[in-house]
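Q: Let me give you the structure first, and then I'll get to my questions.
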Amino acid sequence: MAQSARKILSLALPLCFTVLCVGLGVGPGAALAAAPPRSRTGLPPGIRPYVVVAAPAVALEHVWVLDGTGRAERKDQTLILAHGRIVALGPAAAVHVPAGARVLNLRGDTVIPGLVGMHDHMFYPAGRRLALYNEQGYSFPRLYLAAGVTTLRTTGAVEPYTDLALRHWIAAGRMPGPDIIVTGPYLEGAGAYTPNMHELTGPADATRTVDYWAAEGFHTFKAYMHITRAELAAAIAAAHAHHATITGHLCAVGFQEAARLGIDDLEHGLLIDTEFDPGKRPNVCPPQAETARTLSGMHVSGARIQRTLRVMVRRHVALTSTLPVFETFAPHRPPLESRVLLAMSPEAQVAYLAVRRRIGEQTHSPWPALLRKEMEFERDFARMGGLLMAGEDPTGYGGDLAGFGDQREMELLVRAGFSPAQAVQIYSENGARFLGMARRIGTLAPGKAADVVVVRGNLGRDIAAIEQVQLVFKDGLGYSPAKLLASVRGTVGRY
């Protein structure tokens with residue numbers, strides 16, 4: 001690997017990699033704009049400017065449906081929403097539309113469940129040389145919601161009390177955004193990449209840290225790269241004692257070790273698993289370039305990697321896919337989109353484009369091949385019966401913004417070999433199952449929460465349609481992606 005590539009990796013990979021820029025609808029269609037909402041005046045002022053459909057009952061008529069179960073798309077369906085719930089779903093000719101309902105004729109468009117983002121932070125890189133990460137409490141909730149993410153897990157906090165406050169503010173209608181499942185501060189060992197993280201001093205400190213943040217209202221935790229085996233074991237035991245889950249972006253500890261310790265989930269996948277490195281020492285995180293070299297010479301179908309997959313599945317360890325993270329390190333990928341740049345502050349644009357240009361100058365990058373290996377790893381994991389979830393990771397060198405990366409992740413899942421229906425299931429039902437929320441969210445069915453995304457076009461035939469979100473219902477209120485996007489233009493990297 002070229003020296004410039006190693007430098008880029010040392011700066012960008014450690015915090016949680018990154019993701020990329022794609023996806024997001026640019027405005028409600030004509031059918032949505034034709035009739036004004038009838039009860040917006042009763043909405044809290046924090047969300048009122050962004051809601052374009054607010055009625056006691058809403059009928060989404062003549063749509064394609066991908067219901068989140070993995071079932072293929074169904075055509076000419078009607079979905080009825082009332083009082084924050086789905087009350088009916090079926091063929092348009094058979095579903096009764098209640099008197100007085102607001103009717104939206106969306107013929108040719110697709111509805112899917114609200115996305116459940118399982119690796120969606122609230123922060124973004126700011127201090128380039130110091131590896132500092134700033135909370136994006138204003139811009140990111142709006143970007144996630146505009147992309148169709150109605151529920152998310154933060155998967156690591158640098159401002160935990162801010163994340164808690166955002167969760168409460170959104171629930172109270174003080175601001176727009178997804179429902180947030182807050183993850184505590186990173187459980188990192190000695191050698192943290194950024195001063196945003198506390199470094200654990202041993203197993204007792206790991207237990208104390210989990211106990212403290214569980215008492216503060218956090219129900220999920222994340223172990224990070226330099227945590228030792230003993231610290232991880234203590235953190236897992238403490239989290240489970242509080243009936244909380246714990247995931248990990250690991251390095252000093254390998255996947256099989258973590259699975260046997262009882263971890264609930266592993267982030268990112270094969271490309272961060274160091275257990276195959278020939279020089280791997282216990283409790284030591286090897287250089288990431290070494291891991292990339294090792295994996296470049298291995299086959300996913302080989303016995304060692306397949307053994308890791310079997311251990312994960314047998315021990316019910318979930319896996320969170322973050323394919324856009326890896327794609328950003330491949331030259332000239334992802335496609336450069338003006339929508340993403342428009343959301344960035346000028347300073348963030350300059351910094352991102354500079355690193356992207358240096359990556360593009362590489363002539364022998366290992367990342368396209370590594371990305372294909374990661375896709376194969378995830379396919380095999382799902383084929384074996386593992387619970388595959390998805391999210392993004394808006395860190396790295398700044399190419400991954402909230403929401404845009406979630407949509408790109410869906411596109412890359414399809415490139416990896418999953419059908420569009422399976423990609424929707426991975427991004428909705430599977431995340432809801434892991435969170436213990438499948439009775440309320442994750443699929444489209446009567447009785448479920450009215451968290452519904454309207455996409456222009458037939459998503460079951462063209463996954464790129466996920467970039468054309470035209471309306472997002474959360475708890476039955478229809479939000480305009482165009483209005484949400486307009487409110488954050490030029491803000492990412494600032495707040």
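The values are calculated or read from the model by the stated rules, or taken from the named source; none is laboratory data. If you're wondering where the values come from, they're calculated on a predicted model, not measured in any experiment. Cβ placement follows ideal geometry from the backbone for every residue including glycine, while neighbour counts extend to all protein chains displayed.
Q: Condition test on Gly184, is it in contact with a Pro (Cβ under 7 Å, 6 or more places away or on another chain) and either more than 30 Å from Ala230 (Cα to Cα) or surrounded by 17 or more Cβ atoms within 10 Å (Cβ to Cβ) (or both)? If you could, list the steps in order and put the result at the bottom.
A: Values: in contact with a Pro (Cβ under 7 Å, 6 or more places away or on another chain): yes; either more than 30 Å from Ala230 (Cα to Cα) or surrounded by 17 or more Cβ atoms within 10 Å (Cβ to Cβ) (or both): yes.
When the stated conditions are applied, Gly184 passes them.
Q: Give the residue, chosen from Thr155, Thr201, Thr151, that is assigned to a loop (DSSP other than H, G, I, E, B), among the hydroxyl-bearing types (Ser, Thr, Tyr) and within 27 Å of Arg408 (Cα to Cα).
A: Numbers: Thr201 fails: within 27 Å of Arg408 (Cα to Cα); Thr151 fails: assigned to a loop (DSSP other than H, G, I, E, B).
Answer to the selection: Thr155.
Q: Right, something else. Would you please list the contacts, defined by Cβ atoms under 9 Å and residues six or more apart or on different chains, that run from a residue in segment 131-153 that is in the same structural domain as Tyr193 (by TED's automatic domain parsing) to a residue that is at pLDDT below 95 and in a helix (DSSP H, G or I)?
A: These pairs meet every condition: Ala131/Leu11.
Q: Can you tell me which residue in segment 67-85 is nearest to the chain's Cα centre (by Cα), limited to those that are buried (at least 22 other Cβ atoms within 10 Å of the Cβ) and more than 22 Å from Ala423 (Cβ to Cβ)? Explain how you work it out, then say what you get.
A: Residues of segment 67-85 buried (at least 22 other Cβ atoms within 10 Å of the Cβ): 67-68, 77-81.
Subsequent filtering for residues that are more than 22 Å from Ala423 (Cβ to Cβ) retains 78, 80-81.
Numbers: Thr78: 28, Ile80: 28, Leu81: 26 Å.
Ranking the candidates gives Leu81 first.
Q: When you go through Met375, Met384 one by one, which is the residue that is modelled with pLDDT of 95 or more, within 25 Å of Phe329 (Cα to Cα) and in the same structural domain as His249 (by TED's automatic domain parsing)? First the steps, then the outcome.
A: Values: Met384 fails: within 25 Å of Phe329 (Cα to Cα).
Result of the check over Met375, Met384: Met375.
Q: Criterion first (out of contact with any His (no Cβ under 8 Å at 6 or more places or on another chain) and closer than 23 Å to Leu66 by Cβ) does Glu429 satisfy it?
A: Working: out of contact with any His (no Cβ under 8 Å at 6 or more places or on another chain): yes; closer than 23 Å to Leu66 by Cβ: yes.
Judged against the criteria, Glu429 is a match.
Q: Of the residues Leu319, Leu353, only one is in a helix (DSSP H, G or I) and either in contact with a Pro (Cβ under 9 Å, 6 or more places away or on another chain) or of a type outside the set (D, E, K, R) (or both); which? Lay out the reasoning, then the answer.
A: Working: Leu319 fails: in a helix (DSSP H, G or I).
So the residue among Leu319, Leu353 that is in a helix (DSSP H, G or I) and either in contact with a Pro (Cβ under 9 Å, 6 or more places away or on another chain) or of a type outside the set (D, E, K, R) (or both) is Leu353.
Q: Sticking with this structure for a sec: Inside segment 166-223, can you point out the residues that are acidic (Asp, Glu) and closer than 16 Å to Ile47 by Cα? Let's see the steps before the verdict.
A: Here is the first cut: in segment 166-223, the ones acidic (Asp, Glu) are 179, 188, 199, 205, 211, 216.
Residue satisfying the conditions is Asp179 alone.
Q: Let me ask something else. Residues being more than 20 Å from the chain's Cα centre (by Cα) and within 20 Å of Ala72 (Cβ to Cβ): count how many of those fall in segment 447-469.
A: 7
Q: Look through Thr247, Thr207 and report the one residue that is of a type in the set (S, T, N, Q) and either within 30 Å of Arg142 (Cβ to Cβ) or touching a Lys or Arg at 6+ places or on another chain (Cβ under 7 Å) (or both).
A: On the way: Thr207 fails: either within 30 Å of Arg142 (Cβ to Cβ) or touching a Lys or Arg at 6+ places or on another chain (Cβ under 7 Å) (or both).
Residue meeting the stated conditions: Thr247.
Q: Just to be sure before I move on: is Pro125 at pLDDT below 95, out of contact with any Cys (no Cβ under 6 Å at 6 or more places or on another chain) and closer than 30 Å to Arg167 by Cβ in the structure I sent?
A: Numbers: at pLDDT below 95: yes; out of contact with any Cys (no Cβ under 6 Å at 6 or more places or on another chain): yes; closer than 30 Å to Arg167 by Cβ: yes.
When the stated conditions are applied, Pro125 passes them.
Q: So, of the residues in segment 409-428 that are touching a Lys or Arg at 6+ places or on another chain (Cβ under 9 Å) and free of Cβ contacts under 8 Å to residues at least 60 places away in the same chain, which turns out to be farthest from Pro113 (Cα to Cα)?
A: Step one: list which residues in segment 409-428 are touching a Lys or Arg at 6+ places or on another chain (Cβ under 9 Å), which gives 416-418, 420-421, 425.
Retained after the next criterion (residues that are free of Cβ contacts under 8 Å to residues at least 60 places away in the same chain): 417-418.
Numbers: Gly417: 21, Phe418: 18 Å.
The selected residue is Gly417.
Q: Can Asp67 be described as farther than 26 Å from Pro324 by Cβ and modelled with pLDDT of 95 or more? First the steps, then the outcome.
A: Details: farther than 26 Å from Pro324 by Cβ: no; modelled with pLDDT of 95 or more: yes.
No: the conditions fail for Asp67.
Q: Also, quick follow-up: Go through segment 186-225 and report how many residues are modelled with pLDDT under 95 and among the polar types (S, T, N, Q).
A: Going through segment 186-225 one residue at a time, the tally reaches 2.
Q: Right, here's the next one. Of all residues in segment 59-117, which are in a loop (DSSP other than H, G, I, E, B) and under 25 Å from Arg433 (Cβ atoms)? Give the derivation first.
A: To start, the set of residues in segment 59-117 that are in a loop (DSSP other than H, G, I, E, B) comprises 66-73, 83-84, 92-101, 106-109, 114.
Within segment 59-117, Leu66, Asp67, Gly68, Thr69, Gly70, Arg71, Ala72, Glu73, Gly84, Gly114 qualify.
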